[in-house]
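One structure is given here, and the rest of the page talks about it.
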Amino acid sequence: MINLPKPAFKGRMSLEEALHCRRTVRTFAPIPLRVDQLSQLLWATYGVTDPQWGVKTAPSAGALYPLDCYLAIGEGGVEGLAAGVYHYLPLLHTLETTTSGDRRREVARASLSQMWMAEAPIMAIITSEYKRTTGKYRERGIRYVHMEVGHAVENLFLQSVALGLGAGIVGAFDDKAMAEALALPSGHEPLLIVPIGHPLGHPR
Ligand SMILES: Cc1cc2nc3c(=O)[nH]c(=O)nc-3n(C[C@H](O)[C@H](O)[C@H](O)COP(=O)(O)O)c2cc1C
């Protein structure tokens, strides 16, 4: 279990500036991220904002929180962390290792060979366990889950920009190949992949 540093609730860039600068980034410098940056990115995506109720940065239909955030960290992708696949535990604000080794090329290959993705030091993978939401909302729950992944990923996008990083977004992938590349638990279905790093040629 890896304890993450506490996230900051104030940053150096305004929300308006982050919105203005956000762009899909597809070229990354080979510069590792720091653990405090990783912590901030995960918290922004799906972190807990009220520990008493367990509610998060992203809204969720019925507060059922169907999403999970995994990370594929490359070799030397994050200072002090081994390459591997990690699972974010929002309530504890910790990471658990689920698979060791650099899986970025497998992830890129599963994404219809969008090999640019493998240059990012890390990739966030947002998965859904639909039954958490469809158990209450039936068929309509599917629609809710798809809205919610957009909320979480926009949080991640904007936080990346606010930290001087850049993020891409990939929805084009083979579901089965992606689940295999990341050794995802059954029932956790990948919805969006977000490669993140220092944008090449866009110093901020
Ligand atoms: C749901 C979704 C899936 C996407 N999938 C991909 C993808 O597989 N590969 C890619 O290079 N860009 C992908 N994009 C990024 C779009 O191409 C990009 O957002 C669009 O061109 C607008 O550019 P901007 O994000 O820089 O504003 C995706 C965007 C969304 C919202």
Note to self: C-alpha centroids of the stretch 19-33 and the stretch 45-69 sit apart, in Å, by 26
Please give the peptides 53-64, 100-111 ranked by average Cβ packing (other Cβ atoms within 10 Å per residue), highest first, as a rough proxy for protection.
100-111, 53-64
Membrane-span-like helices in the chain: DSSP H runs reaching 27 Å or more (Cα, own axis), mean Kyte hydropathy at least 0.0?
140-162
With a 1.4 Å probe and every protein chain kept in, tell me what percent of the accessible surface of the chain is carbon plus sulfur.
55
Note down the relative contact order for the stretch 25-176 as a percent, whole number, built from C-alpha pairs under 8 angstrom at least six residues apart.
29
Placing +1 at every Lys and Arg Cβ and -1 at every Asp and Glu Cβ, with all other atoms neutral, what dipole size does the stretch 110-204 have around its Cα centre, in debye to the nearest 20?
360
If you line up the Cα atoms of the stretch 84-204 on their principal axes, what length do they span on each, largest first, in Å?
46, 30, 29
Would you kindly compute the Cα radius of gyration of the chain and its largest Cα-Cα separation (Dmax), both in Å?
15.8, 47
Taking a probe of 1.4 Å and leaving out DNA, RNA and ligands, the stretch 23-199 shows per residue an accessible area in Å² of 42
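The values are calculated or read from the model by the stated rules, or taken from the named source; none is laboratory data. This one's a predicted model, so the numbers in the text were calculated from it and none came from an experiment. Every residue, glycine as well, gets a Cβ built from its backbone with ideal geometry; the counts of neighbours run over all protein chains shown. Quick note on the areas: whole protein, heavy atoms, side chains included, nothing else; ligands and nucleic acids left out. Shrake-Rupley method; radii C 1.70, N 1.55, O 1.52, S 1.80 Å.
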